[in-house]
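Undergrad: One structure, as structure tokens, below. Some questions next.
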Amino acid sequence: MTNAAPTTQFLCTQCGGELHPDEGQLFVTCPFCSSSVYLDKKKVVFHWYLAPTMDEPKARTFLTRWMAGNDTVKDLDKKAQPVGVNFEYFPMWYFKRKVGGNEQIFLEPAAATSVSELKRLALPAGDLRKYDHQADADATPPTVPLDAAQRWLQSRGVQPTEIAESALVHLPVFTYKYRYKDQTYTALVEAATGKTLANLFPAKDETTYQAVAGLTLVVFLILAAIPLFSAFFDTPEAIGLGMLICVGLGIPAAGVFFALAAWVAAKV
Ligand SMILES: [Zn+2]
């Protein structure tokens with residue numbers, strides 16, 4: 001006797017063995033080949049994780065280095081007030097595209113995050129491991145379905161037919177919250193490579209640099225115009241005086257602007 005109602009059949013991605021998950025069970029280890037798989041509504045995909053290589057104090061050194069670096073406002077590493085830190089295995093959809101013998105990896109967040117920069121992470125090749133259920137306590141379950149992630153991917157120009165492999169990957173992530181000038185910011189440290197990611201952060205104020213550069217340009221254009229202007233009088237004395245004013249003012253002006261630029265670089 002065959003049952004008319006189609007039953008959902010889950011087959012292992014690795015060996016094709018039939019999986020019999022318990023009600024509501026999403027993370028499954030195949031009883032035949034012990035692959036870790038994730039059961040999306042429509043599809044069974046491999047389930048990988050990236051093993052962390054650092055503890056929290058070590059991750060914090062990467063955060064501090066990023067805060068002291070050139071992307072962020074001067075002395076952020078000293079001025080930021082830590083609010084809290086949290087560790088989790090964050091879920092990402094992983095897509096492998098093969099184009100002309102080359103493999104390309106795409107990542108899309110599989111849960112809500114304020115740091116969408118996560119998708120720019122370059123996964124260290126070969127470091128993905130079979131998901132370990134010891135990570136369960138810290139693993140955030142995916143809330144974004146696979147087909148939603150495929151639609152995002154499509155909007156980035158990747159067609160579903162080009163995808164050679166889809167998987168769920170849990171990435172080890174420290175989420176740091178800190179305050180700076182009455183605002184709270186979030187930065188992530190991926191705990192395998194120490195890569196620090198943030199969407200919003202107190203950035204260097206480029207307008208101050210641009211103002212100094214613009215002022216410098218205007219002043220030197222005016223100084224350069226003095227000998228040209230003096231040439232209208234068409235006497236050697238006038239031209240000589242023009243050159244004298246230009247050079248006589250230009251040299252101290254260069255010193256002043258150099259000092260101003262150095263001061264801005266030190267303060268901003
Ligand atoms: Zn299997």
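The values are calculated or read from the model by the stated rules, or taken from the named source; none is laboratory data. Everything numeric in this text was worked out from a predicted model, so none of it was measured. Methodologically, a virtual Cβ is constructed for each residue, glycine included, from the backbone with ideal geometry; neighbour enumeration extends over all protein chains shown.
Undergrad: Show the residue pairs meeting these rules: Cβ distance below 8 Å; 6+ apart or different chains; first residue within the range 93-112 and of a type in the set (S, T, N, Q); second residue assigned to a strand (DSSP E or B).
TA: The qualifying pairs are 104/96; 104/97; 104/98.
Undergrad: Of the conditions (1) touching a His at 6+ places or on another chain (Cβ under 8 Å); (2) more than 30 Å from residue 51 (Cβ to Cβ), residue 167 fails just one. Which one is it?
TA: (2)
Undergrad: For the range 40-66, how many residues are more than 13 Å from the ligand (Cβ to nearest atom), without any contact (Cβ under 8 Å) to a residue 60 or more places away in the chain and surrounded by 14 or more Cβ atoms within 10 Å (Cβ to Cβ)?
TA: 1
Undergrad: Within the range 232-247, how many residues turn out to be free of Cβ contacts under 8 Å to residues at least 12 places away in the same chain and surrounded by 13 or more Cβ atoms within 10 Å (Cβ to Cβ)? Spell out the reasoning first.
TA: The initial filter retains those residues of the range 232-247 that are free of Cβ contacts under 8 Å to residues at least 12 places away in the same chain, namely 232-238, 240-241, 244, 247.
Among the residues that remain, those that are also surrounded by 13 or more Cβ atoms within 10 Å (Cβ to Cβ) are: 238, 241, 244.
So the answer is 3.
Undergrad: To continue, here is another question. Give me a count of the residues in the range 133-156 that are more than 27 Å from residue 30 (Cα to Cα) and either of a type in the set (A, V, I, L, M, F, W, C) or more than 20 Å from the chain's Cα centre (by Cα) (or both).
TA: Going through the range 133-156, the residues more than 27 Å from residue 30 (Cα to Cα) turn out to be 151-156.
From what is left, the residues that are either of a type in the set (A, V, I, L, M, F, W, C) or more than 20 Å from the chain's Cα centre (by Cα) (or both) are 151-154.
The number of residues fulfilling the criteria is 4.
Undergrad: Residues in the range 26-39 that are in contact with a strand residue (DSSP E or B) (Cβ under 7 Å, 6 or more places away or on another chain) and either more than 16 Å from the ligand (Cβ to nearest atom) or without any contact (Cβ under 8 Å) to a residue 40 or more places away in the chain (or both): how many?
TA: Residues flagged as in contact with a strand residue (DSSP E or B) (Cβ under 7 Å, 6 or more places away or on another chain) and either more than 16 Å from the ligand (Cβ to nearest atom) or without any contact (Cβ under 8 Å) to a residue 40 or more places away in the chain (or both) within the range 26-39 amount to 5.
Undergrad: Separate question: Which pairs have Cβ atoms under 8 Å, sit 6 or more apart or on different chains, and link a residue in the range 182-200 that is under 12 Å from residue 60 (Cβ atoms) to one that is basic (Lys, Arg) and surrounded by fewer than 20 Cβ atoms within 10 Å (Cβ to Cβ)?
TA: Sorted first by the residue in the range 182-200, then by its partner, the pairs are 189/60; 189/195; 194/58; 196/65.
Undergrad: Still on this model: Of all residues in the range 160-185, how many are buried (at least 17 other Cβ atoms within 10 Å of the Cβ) and over 28 Å from residue 147 (Cα atoms)?
TA: 3
Undergrad: What's the number of the condition residue 147 fails, among (1) in contact with a strand residue (DSSP E or B) (Cβ under 9 Å, 6 or more places away or on another chain); (2) farther than 25 Å from residue 72 by Cβ?
TA: (1)
Undergrad: Any idea which of (1) modelled with pLDDT of 95 or more; (2) more than 17 Å from the chain's Cα centre (by Cα); (3) surrounded by 12 or more Cβ atoms within 10 Å (Cβ to Cβ) is the one residue 19 doesn't satisfy?
TA: Condition not satisfied by residue 19: (1).
Undergrad: Name every residue in the range 75-84 that is farther than 17 Å from residue 194 by Cβ and either in contact with a helix residue (DSSP H, G or I) (Cβ under 8 Å, 6 or more places away or on another chain) or assigned to a loop (DSSP other than H, G, I, E, B) (or both), in order of residue number.
TA: 75, 76, 80
Undergrad: Test of understanding: among 128, 171, 146, 121, which residue is in contact with a helix residue (DSSP H, G or I) (Cβ under 8 Å, 6 or more places away or on another chain) and in contact (Cβ under 8 Å) with a residue 40 or more places away in the chain? Before the answer, list the steps.
TA: Working: 128 fails: in contact with a helix residue (DSSP H, G or I) (Cβ under 8 Å, 6 or more places away or on another chain); 146 fails: in contact with a helix residue (DSSP H, G or I) (Cβ under 8 Å, 6 or more places away or on another chain); 121 fails: in contact with a helix residue (DSSP H, G or I) (Cβ under 8 Å, 6 or more places away or on another chain).
Among 128, 171, 146, 121, only 171 is in contact with a helix residue (DSSP H, G or I) (Cβ under 8 Å, 6 or more places away or on another chain) and in contact (Cβ under 8 Å) with a residue 40 or more places away in the chain.
Undergrad: So residue 10 clears everything in (1) within 16 Å of the ligand (Cβ to nearest atom); (2) touching a residue at least 40 places away in the same chain (Cβ under 8 Å) except one condition, right? Which one?
TA: Against the list (1) within 16 Å of the ligand (Cβ to nearest atom); (2) touching a residue at least 40 places away in the same chain (Cβ under 8 Å), residue 10 comes up short only on (2).
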